[in-house]
Every structure is written in structure tokens, then in C-alpha cells.
Amino acid sequence: MTWDTVRHQEIPNGETIAYRHRDGEVPLVLLHGNLSSSLFWDLVVDSLDDRYEVYAPDLRGFGESSYEDSFDSLAALADDVEQFADAVGLENFHLWGWSAGAGVGMQLAADAPDRVRRLVLMAPPSTQGLPVYRKDENLQPTEEVLTTREELAEDPVSVAPVLAAIEAGDVEAMKEIWRAAIFVNGTPEPERFERYMQESLKERCLLDVDLALVHFNISEADNGIEPGTGEVAAIDAPTLVLRGEDDGVVGEHLVDRVVQDVDGAEFVELSNCGHAPPVDDLDGLLGAVEPFLRGD
């Protein structure tokens, strides 16, 4: 089967998780970020050491997965992933999350520390969330965080244009969004870029994810929106944190918080790289991740 082959797995909470799979010996679960799906791991999987048995689910409301119920926390998605792992017979595994998927990965590693062998957090949100700020008349961020679905839906910079592109099925608008915010150092080749954008438009849960990220706080501290749960202390998997030096989505201060809060976390900055390391610097990315997964 090719990476384009999508399988489906029903889980006990009534959702059906679509996923892509590659045979191997060492189980590795890949969690995609916002505006994407398991398809976006294709470049990584094509080049990844064949020792890894890869499972890449589409999170609830993304790609080909179901969206029976809305959600307001990353914990709900982490629970989906754990139920999925049970259903496909994964007792423990390496876990690699990208952007919002890295937030889900942190939550899962805290909820089920005995199941996560090694944890890779690529362009992660902070342990204190990823805020969306109210904009002034010049579309510049103020210090006020948007905390409801209704407020988020009206954000004129990072939310409303995305919602409009999804609702209209507008591939060209979605391409412009990705060029402006994510593919800062060049886009994938045209056919792949087109496929990515078609997949991005399948998202049905944008406001759920944005709301969950705003209210996410597994740190020990109150972030001004939510008191910290302190769950980060339960993460005991060896952890690698990666950020592209040109990432315009996840600021350096947010990733610094992850490195500070996750005990023993290693940090690697990827040069000439934005929010999409598999596209910007695949060799550098795998050069950091594969030795870490091997325990070198």
C-alpha cells in the first residue's frame, strides 16, 4: 500500500479515525497540525528509516476522520489518539507531533506516560497554550486574548480568512494563507502543494482547535486565561523540541516555555526553516529526529 491509502478505525467514543500506515518494527505515531492531515507527513515517511512502523491518524474533524462531536480541549483529541492506539493494538510507541499535534502529543504523554517511549515536539504550542489576540483598527494585535468561539470567528487576520476559504472551498485563498504564514522559505512542488491545499480545506473543526489551543495550559502557572493543571510534570518520556528559526506561527518564547517546563527536554533550532520543517529542511529535520528516536 502507498502512503495515499487511507484506512478507517472506529473507536469507543463513536468517532471513526482515518489513518495512514507503513509497516515496520518500531511503532511511531505521527500527529499532524492545524489545517492539515496525515497526508502532510508524506515527505517525512518517504525518507524515514524503514525500521519504524508508522501510524498517522487524521485527528477528529480533519481529513477523512469523522466529526461526530465538537470539542473544546486538546485533551479530547489526546483521548481519541489513545483510543485509536488501543484499537490498532499499540501498547506503547514513539510519538511525534507537529504544531497543534504537538500540543495533543504533550497532553497524551502527560495522560499516559507509560505508553510514550520518546516524544518529539515539532513547532509546538506553549505548555501555556497558543493565544489569539484581539486586533486594533490597524489589524495589529492588542494585549487582549480572544477566549470564545464567537470572538475567534471574527478575528480578521488568522481565523476569519481561513474560515472563509474553507467554507468556499477556495484552494487559491488557502494557498495564499499557507504562503503568508507557513511556507515562508518556499512552497512544495506544484502537484504536492495542490494536494496539500485540497486536504487543508477538509477541516471542519477550526474554531474547536483554536479555542482548545487558547485554553490549553498544562504548566504549573496561571496564564491569565486558565490556571495551570500542572500535568506537564507527568511527562517522563525523553523529549526533543524543534523549531525553525523563521517560524512565524509559533514564537521563540512559546517554545522556550516548553523546553523549560518539560523536564530534561532537548532543543534543536532548524536553520532557514519556518513552520513546515518537512518542506523547508527535511534533511536537517531527520538528522535531528532519527538519532533522538534511536537514543543516540
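Bear in mind these aren't lab numbers, they're just calculated from the coordinates by the rules spelled out. This one's a predicted model, so the numbers in the text were calculated from it and none came from an experiment.
Would you give the gap between the C-alpha center of the stretch 76-90 and the C-alpha center of the stretch 275-294, rounded to a whole Å? Between the Cα centres of the stretch 76-90 and the stretch 275-294 lies a distance of 25 Å.
So what's the stretch 26-72 giving for Cα Rg divided by 2.2 N^0.38 Å, two decimals? Kindly include the intermediate steps, with their values, before the conclusion.
Details: Rg = 12.2 Å, N = 47, 2.2 N^0.38 = 9.5 Å.
The reported ratio for this selection is 1.28.
In plain terms, the bigger the Kirkwood radius, the slower the diffusion; for the stretch 164-280, with that radius from Cα pairs, at 20 °C and 1.002 mPa s, Stokes-Einstein puts D at 131 µm²/s.
If one computes P(r) from the Cα atoms of the stretch 65-107, what percent of pairs lie at distances over 13 Å? Provide the component values of the computation, followed by the final result.
Values: 526 of 903 pairs.
The answer is 58 percent, as a whole percent.
Take the alpha-carbon centre of the stretch 127-193, take the same for the stretch 245-269, and report the distance between them in whole Å. First find each Cα centre; the distance between them is then 21 Å. Out of all Cα-Cα pairs in the stretch 7-294, roughly what percent, to the nearest whole number, are more than 29 Å apart? Pairs farther apart than 29 Å: 27 percent.
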